[in-house]
Amino acid sequence: METSADIIELMLPLKAEYVIIARLTASGIASRMGFDIEVIEDIKVAISEVCSKYVQKGSSLAEKFKVIFTVTEDCLTIAFNSEDKSLRCIFSKDDDEFAVSILNALMDEVQLCIDNEDYLLKMSKFLERKM
Amino acid sequence: MCRMVVSMKQELNIYEENLSNYVKVVISGEVDIYTSSKLKESLYDIIDKNRMDIKIDCSQLKYIDSTGLGIFAGAFKKAKEIDRKIYLTGLKSNIKKLFVITGLDKLFIIEE
């Protein structure tokens, strides 16, 4: 029997002091899924990179943003959305070189610019890396 | 009734100790977008004030992201302008990995 994904949603104010909440939530979910401690630390850094960028680029069009965790048997996907669609494609190749390098190195799949109503950005980590 | 202005506890502490030929700096806690301004202010001030080599003890640094790494890069540049070096000690493996990913491991003298 196919099991469906569990979805956990977190709505956060676009404020620097709440980035830690996204990090701690990711840590709890990843730990419950069975990721080892090193990988959990990587996931925490990756989610923080994205949340920090939303906070930096946040505009008067949105006061909050949404983090959506999708949990399946072998994969954690973290997606982001905001009412302000100008927050799509927030990473620039020139100014955010460190952040983009970190995201690509630490996560298994990263989609930085999604043209979709439900998500603006999505990244995944597999419990065992896909062959 | 709760006050409307929210002030959250900062999870970052920075200690400075002047030794004979270098300044020892101990960073403990987490560096993210919320705490990074405190790190920048402290580190830049230590470089300007002492004009000596700096050894940063990172053994109690639990977490850092690209915001903090950018500040380390800025501190390196600032120290280099006055011909001083920055040493990093006690980096946890997950944090050292971030220095390698971003190429910052080539700028600093990283000691075990």
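Please verify whether A:Glu109 is of a type outside the set (S, T, N, Q) and more than 14 Å from chain B (Cβ to nearest Cβ), treating the condition exactly as stated. Spelling it out, A:Glu109 is indeed of a type outside the set (S, T, N, Q) and more than 14 Å from chain B (Cβ to nearest Cβ). Here B:Ser93 fulfils each of the conditions (1) over 21 Å from A:Val45 (Cα atoms); (2) exposed (fewer than 15 other Cβ atoms within 10 Å of the Cβ) apart from (1). Only strands (runs of 3 or more DSSP E) whose full extent lies in the range B:53-111 are considered here, and the ones with at least 2 residues that are in contact with a Leu (Cβ under 6 Å, 6 or more places away or on another chain) are B:53-64.
For the range A:91-107, what are the residues that are touching a residue at least 12 places away in the same chain (Cβ under 8 Å) and either among the charged types (D, E, K, R) or buried (at least 21 other Cβ atoms within 10 Å of the Cβ) (or both)? Once the filter is applied, which keeps residues that are touching a residue at least 12 places away in the same chain (Cβ under 8 Å) and either among the charged types (D, E, K, R) or buried (at least 21 other Cβ atoms within 10 Å of the Cβ) (or both), the range A:91-107 yields A:Asp96, A:Ala99, A:Ile102, A:Leu103, A:Leu106, A:Met107. Scanning the range A:1-47 for residues that are in contact with an Asp or Glu (Cβ under 7 Å, 6 or more places away or on another chain) and touching a residue at least 40 places away in the same chain (Cβ under 8 Å), we see that the one that is surrounded by the most Cβ atoms within 10 Å (Cβ to Cβ) is A:Val45.
Looking at the range B:56-70 only, could you name the residues that are surrounded by fewer than 20 Cβ atoms within 10 Å (Cβ to Cβ) and not small (Gly, Ala, Ser)? Within the range B:56-70, B:Asp57, B:Gln60, B:Lys62 meet the criteria.
Among (1) touching a Ser or Thr at 6+ places or on another chain (Cβ under 6 Å); (2) under 23 Å from B:Gly103 (Cα atoms); (3) away from chain B (no Cβ under 11 Å); (4) not charged (D, E, K, R), there is one condition A:Ile90 misses while meeting the rest; what is its number? Just one mismatch for A:Ile90, condition (1).
A short reminder: the numbers here are calculations on the coordinates, not readings from a lab. Since the model is a prediction, treat every value here as computed from it, not as a measurement. So basically every Cβ, Gly included, is an ideal-geometry build from the backbone, and we count neighbours across all protein chains shown.
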